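**Q** Structure in structure tokens, see below.
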Amino acid sequence: MPHPHVLLSAAVSLDGYLDDTGPDRLLLSSPADFDRVDEVRASVDAILIGAGTIRADNPRLLVNSEARRAARVAAGKPPYPLKVTVSGSGELDPAANFWHTGGEKVVYTTDKGADRARELGLAAEVVALGPALDWRRLLEHLHAVHGVERLMVEGGGRIHTQLLQQGLADEVQLVLAPLFVGDPEAPRLFGPGGYQGGRLRLVETRRIEDVVLMRYEPTAPGTGPTPAAADHHWLALACRLAAQCPPSRTAFSVGAVVVAADGTELARGHSRESGDPVVHAEEAALAKIASDDPRLPSATVYTSLEPCTHRASRPAPCARLILDAGVRRVVTAWREPDTFVTGADGTGLLTGQGVDVVVLTDHEDEAKAPNRHLL
């Protein structure tokens, strides 16, 4: 199911700490950066922090600028984003600022924690996620029930770590402050554990007074049938490639990208590329990679339209080309309609041969856009 764009936001010292161990919160950002954070808050639909951050920092979590609140209202939104917290135990302080400022609030917890949270009489919706906290279910609920398209996560470090390790963070906004903490007991931004491989993509750096903002996006594909945040990035690229296809009345416009497990782009292609009137997107992309490339078995093929199973122009359909290349994972936006082939089922052919096929319907409209004349 679709879920929001997840933006992780944090400020750290030069040695990677979120705070020190003193009684007062360590202010890492500059005044101008606090204003930038306020601007980001005003741009999202919901802000999430963990129960530990409520206990440690007692934040109000508001949009402070009156002008930004007014702009939200003018756009048909509430003045403040939805405020969200997560607590496995349901042990929350009813006197905390979180509950008494801003707009609507939601608590996500476990079945057991929900009983405790409801006993506290909090001015918030309490949602039980099951016997344990389930981040995918939480994000899906936020999207489906509360219409959250963009979620800003402001901590703490354990939550940032879990979302990154599960491939659920679409973006990291990290501010680096010019000071050291040096206390091994102080909280760090990211904890140990199994992260996705590969390098993140640096999309922006910005000096803000004496701090530096760095924005990163993950690049590594998901594994198996479970989608990761980077899958959306690569599939969106495939859909943009489809828009580059020369239009046709007899064939779909499709884009494709092949990405290694570490997030390295191996090749891309689109229908009717380089003047070939019958070449398909997956065919064009795979032809640019050596057949013995050791990265192919763990790579992912992203294609705006489900790989074909029948074609008159070439002996091998794209689903067969993918199988012959040894690729074991495909991510697509749109199942092939019966426009040219009745009962097309590239997904069935691939899954029958052990290939994991992920259909991300969030991108279906974008995949259909260059093919409207055929539909």
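The values are calculated or read from the model by the stated rules, or taken from the named source; none is laboratory data. Keep in mind it's a predicted model, so treat the numbers as computed, not measured. Here the Cβ positions follow ideal geometry from the backbone for every residue, glycine too, while neighbour counts run over all protein chains shown.
**Q** Only strands (runs of 3 or more DSSP E) wholly contained in the stretch 209-289 count here; list those with 3 or more residues that are under 30 Å from residue 36 (Cα atoms).
**A** Counting at least 3 such residues, we get 211-217.
**Q** Another question, then. Taking the stretch 1-53 only, how many residues are aliphatic (A, V, I, L, M), more than 28 Å from residue 73 (Cα to Cα) and either touching a residue at least 40 places away in the same chain (Cβ under 8 Å) or in a helix (DSSP H, G or I) (or both)?
**A** 8
**Q** Anything in the stretch 306-335 that is out of contact with any helix residue (DSSP H, G or I) (no Cβ under 6 Å at 6 or more places or on another chain), in contact (Cβ under 8 Å) with a residue 60 or more places away in the chain and not β-branched (Val, Ile, Thr)? List them, or say none.
**A** Answer for the stretch 306-335, where residues must be out of contact with any helix residue (DSSP H, G or I) (no Cβ under 6 Å at 6 or more places or on another chain), in contact (Cβ under 8 Å) with a residue 60 or more places away in the chain and not β-branched (Val, Ile, Thr): just 329.
**Q** Inside the stretch 154-173, can you point out the residues that are part of a loop (DSSP other than H, G, I, E, B), more than 13 Å from the chain's Cα centre (by Cα) and modelled with pLDDT of 95 or more?
**A** 154
**Q** For the stretch 303-313, check the following and say yes or no: at least one residue is of a type in the set (S, T, N, Q), assigned by TED's automatic domain parsing to the domain that holds residue 234 and more than 30 Å from residue 148 (Cα to Cα).
**A** yes
**Q** While we're here: Can you name the condition, by its number, that residue 311 falls short on among (1) assigned to a loop (DSSP other than H, G, I, E, B); (2) of a type outside the set (A, V, I, L, M, F, W, C); (3) under 25 Å from residue 227 (Cα atoms)?
**A** The single condition residue 311 does not satisfy is (3).
**Q** Filter the stretch 104-146 down to the residues that are among the small types (Gly, Ala, Ser) and touching a strand residue (DSSP E or B) at 6+ places or on another chain (Cβ under 7 Å) and list them by number.
**A** If the condition is that a residue be among the small types (Gly, Ala, Ser) and touching a strand residue (DSSP E or B) at 6+ places or on another chain (Cβ under 7 Å), then 113, 114, 117, 123, 124, 128 are the ones that fit.
**Q** List, please: which pairs have Cβ atoms under 8 Å, are six or more places apart or on different chains, and start with a residue in the stretch 227-244 that is farther than 14 Å from residue 364 by Cα and among the β-branched types (Val, Ile, Thr) and end with one that is at pLDDT 95 or above and surrounded by 20 or more Cβ atoms within 10 Å (Cβ to Cβ)?
**A** Going by the 8 Å Cβ cut-off, there are no qualifying pairs.
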